[in-house]
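Please read the structure below before turning to the comments.
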Amino acid sequence: MSGPAVSRIVLLPELVKNQIAAGEVIERPASALKELIENALDADARHIEIDLAEGGVSLVRVKDDGLGMGAADLELAFASHATSKLREVADLDHIATLGFRGEALASIGSVARVRLISRERGTLHGAEIHNEGGNVSAAREAGASEGTTLEVRDLFFNTPARRRFLKTTATELGRCLDVIQRLALANPGVGFVATHDGRRLFDVEAGMNLRERVRRTFGAELSQALAPVEARDGSLRLSGFVAPPRLARNDSARQMWFLNGRPLRDKILTRVLKDAYRGFLIEGRQPVAFLALSMDPAQVDVNVHPAKSEVRFRDERRLFGFLVHHLREALRTTDMSTPGEALLERAVRREGSFAPLRDDSTAALRWSTGSEPAVGPRELPIVREVGGGPLPAGVARALPPAQAPADAPVMQIAKTFIVRALADGFEILDQHALHERITFEGLKRDLERHEIETQRLLLPEVVELSRVQVGLAEEHKQALEALGIHVAAFGATSVAIHGLPARLKRADPASLVRDVLELIEERGAAPNSEKVLEEVLHRAACRSSVMAGDALSEPEMRALLAQGAGIESDQTCVHARPTRVRFTLADLEKAFHRR
Ligand code: ADP
Ligand code: MG
């Protein structure tokens, strides 16, 4: 090679750098809005006003009553990596503010027309400054109230490619509203008022607490059904609300975690909720919960993601255990029964004597909609009578699991259901689902404590199986014995059952063993492997529980109900369907038009 050495690597001009940074964090009006609201919160604002036009594309304005900035700071506010929130590397270990990168205003200014007006608290004069796609004006004096107003117009006016990625006004507005609502839920104590094209969009007063904010955001039914959570572990504090499983949804839009005022979407926290609701929720449904964590900023790294929506916890395992435990405790206090009110309302609505109820995606239960019905017709024929389709939203009530006096009358209906009087109404229980849950919990507990006791059969029972299944029975002999199931091959196509868990008093040994081996065959997994264990226990429990069609005496019914009261939760069956429908006095009065 000859000639002068020309360097091909060049330093990018400031504007290009800022636009690249903007590409990471400012994707759409909602992301600019998020940064501006976070700045207001960092500045200790008590009241935040938001005005949007055209879904935020032509205008996002955020006005706060926070600390404000002096004229000298105004010019620095638009410089990249200029922040008042960090001084040195060590500060990165204990970030207590929502912002810290000093990039947001520089990024937004590089792709929009921005006006910044501010007056520092306790000073007499305000100042303003403009940034048009990276051209920053000089600051000049301007009339202003204490606090800061940031006005972002014509987002992406100078980057048409980015502008083309914007969606319809309604979509962009929806995203803005989501940002506002999440931040408003995350920051009780701060008032928010938002308008769109001059019309009121959302507002909460500073004094409203989290439950009131949920009510304003998602309605009274949800807010009333919430059960509070409150727990502490050293400097870690968990507070908020969980909703009963019947209010779960197909999406996670109403699952919110806040960390020191920051809304988070964190994988660990999503798993925490999944674990807390395990056994109470139908597969694939997402719990509804609003939960705030506050902890020492040194215990968490928020500098993991440019949009700061993910974090890394220092002592993850301990945190996980603590959260799951307390959430589960709170969850148990929610009312998981199917409210009779909902069934009655639906029946009444079909007759047309009530005004139609608002249909809403919060519909608590899918009756016959999804591929897997929430409640099968065998378990709950009542459901068929009142019709299919999602239930109306008006089903949520905050009732503790009902307490019935020990001598409350009980009766059996169609050898399938147990009806029990409550102090304030009555409930109908599915005898099989209830007994199955009780047996299942018992087996699980025995197993956890290594206390499975085997009952030897006086005469071994012989079951016909396929050759493959006999092979599997041999292969997994020890694992089966660990579960209390003792079998031995008896010829090529049968096994002899020698013993079963003593707890399974009503078991039909042949169908139990056949079920379990079928499961092992289907899933190709050992009976005690995590993958199938619960299902094995479930089938075993199913095969040894009272069935629909079994007549029960009164003492038997009472014994069953008493056992249910003794386990963690007898409110749902093993597959998380409610074990009972409950009617309160209020439901009945409504049904008979007495109120
Ligand atoms: P960061 O929030 O990461 O520090 P930004 O670019 O969002 O970076 O803001 C830069 C700086 O401008 C902030 O550190 C803060 O000092 C100041 N600032 C921005 N918005 C406001 C506001 N609403 N009130 C007071 N100061 C603000
Ligand atoms: Mg910021």
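The values are calculated or read from the model by the stated rules, or taken from the named source; none is laboratory data. Computed from a prediction, not measured in an experiment: that's the story for all the values here. Cβ coordinates were reconstructed from backbone atoms using ideal geometry, including for glycine residues, and neighbour counts include every protein chain displayed. SASA here: full protein model, heavy atoms, side chains in, ligands and nucleic acids out. Shrake-Rupley method; radii C 1.70, N 1.55, O 1.52, S 1.80 Å.
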Tally, over the stretch 103-122, of residues that are over 32 Å from the mean Cα position of the chain (by Cα) and either open to solvent by 10 Å² or more (accessible area, probe 1.4 Å) or within 8 Å of ligand 2 (Cβ to nearest atom) (or both): 8
Considering residues of the stretch 73-86 that are more than 23 Å from I48 (Cβ to Cβ) and open to solvent by 80 Å² or more (accessible area, probe 1.4 Å) only, the residue farthest from ligand 1 (Cβ to nearest atom): E75
Answer residue from the stretch 87-99, given it is more than 9 Å from ligand 1 (Cβ to nearest atom) and outside any helix (DSSP H, G or I) and is nearest to A206 (Cα to Cα) among those: A96
Pair list, Cβ under 6 Å, 6 or more apart: the stretch 80-94 residue closer than 22 Å to G68 by Cα, other residue more than 11 Å from ligand 2 (Cβ to nearest atom) and open to solvent by 60 Å² or more (accessible area, probe 1.4 Å): A82/L76
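For the stretch 488-503, how many residues meet the condition of being open to solvent by 20 Å² or more (accessible area, probe 1.4 Å) and either without any contact (Cβ under 8 Å) to a residue 40 or more places away in the chain or among the small types (G, A, S) (or both)?
So in the stretch 488-503, the residues open to solvent by 20 Å² or more (accessible area, probe 1.4 Å) come out as 488-493, 498, 502-503.
Next, from what is left, pick out any that are either without any contact (Cβ under 8 Å) to a residue 40 or more places away in the chain or among the small types (G, A, S) (or both): 488-493, 502.
Counting residues in the stretch 488-503 that are open to solvent by 20 Å² or more (accessible area, probe 1.4 Å) and either without any contact (Cβ under 8 Å) to a residue 40 or more places away in the chain or among the small types (G, A, S) (or both) gives 7.
Condition check ((1) over 30 Å from the mean Cα position of the chain (by Cα); (2) outside any loop (DSSP other than H, G, I, E, B); (3) within 16 Å of ligand 2 (Cβ to nearest atom)) across all residues:
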{"site": "L15", "(1), (2), (3)": "yes, yes, no"}
{"site": "L33", "(1), (2), (3)": "no, yes, yes"}
{"site": "E38", "(1), (2), (3)": "no, yes, yes"}
{"site": "A45", "(1), (2), (3)": "no, no, yes"}
{"site": "V60", "(1), (2), (3)": "no, yes, yes"}
{"site": "A72", "(1), (2), (3)": "yes, yes, no"}
{"site": "E75", "(1), (2), (3)": "yes, yes, no"}
{"site": "A79", "(1), (2), (3)": "yes, no, yes"}
{"site": "K85", "(1), (2), (3)": "yes, no, yes"}
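Filter the stretch 87-102 for residues that are small (G, A, S) and within 31 Å of the chain's Cα centre (by Cα) and give the result.
Of all residues in the stretch 87-102, those small (G, A, S) come to 90, 96, 99, 102.
Matches in the stretch 87-102: A96, G99.
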Criterion (out of contact with any Cys (no Cβ under 6 Å at 6 or more places or on another chain), open to solvent by 80 Å² or more (accessible area, probe 1.4 Å) and under 29 Å from P297 (Cα atoms)) met by exactly one of D65, D42, D93: D93
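So that you can scan it fast, the table gives a plain yes or no per residue for (1) touching a Phe, Trp or Tyr at 6+ places or on another chain (Cβ under 8 Å); (2) at pLDDT 70 or above; (3) within 26 Å of I428 (Cβ to Cβ); (4) open to solvent by 40 Å² or more (accessible area, probe 1.4 Å):
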{"position": "Q286", "(1), (2), (3), (4)": "no, yes, no, yes"}
{"position": "A289", "(1), (2), (3), (4)": "yes, yes, no, no"}
{"position": "A292", "(1), (2), (3), (4)": "yes, yes, no, no"}
{"position": "A307", "(1), (2), (3), (4)": "no, no, no, no"}
{"position": "H326", "(1), (2), (3), (4)": "no, yes, no, yes"}
{"position": "R332", "(1), (2), (3), (4)": "no, yes, yes, yes"}
{"position": "T338", "(1), (2), (3), (4)": "no, yes, yes, no"}
{"position": "R358", "(1), (2), (3), (4)": "no, no, no, yes"}
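A quick yes/no check of all residues on (1) modelled with pLDDT of 95 or more; (2) surrounded by fewer than 19 Cβ atoms within 10 Å (Cβ to Cβ):
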position: L150; (1), (2): yes, no
position: A194; (1), (2): yes, no
position: F202; (1), (2): yes, yes
position: L222; (1), (2): no, no
position: L238; (1), (2): yes, no
position: A253; (1), (2): no, yes
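If I ask for residues that are assigned to a loop (DSSP other than H, G, I, E, B) and among the hydrophobic types (A, V, I, L, M, F, W, C), which ones from the stretch 125-158 would you list? Break it down into steps so the answer makes sense when it comes.
Filtering the stretch 125-158 for residues assigned to a loop (DSSP other than H, G, I, E, B) gives 125, 133-134, 137-139, 143-146, 154-158.
Selection gives A138, A139, A144, L155, F156, F157.
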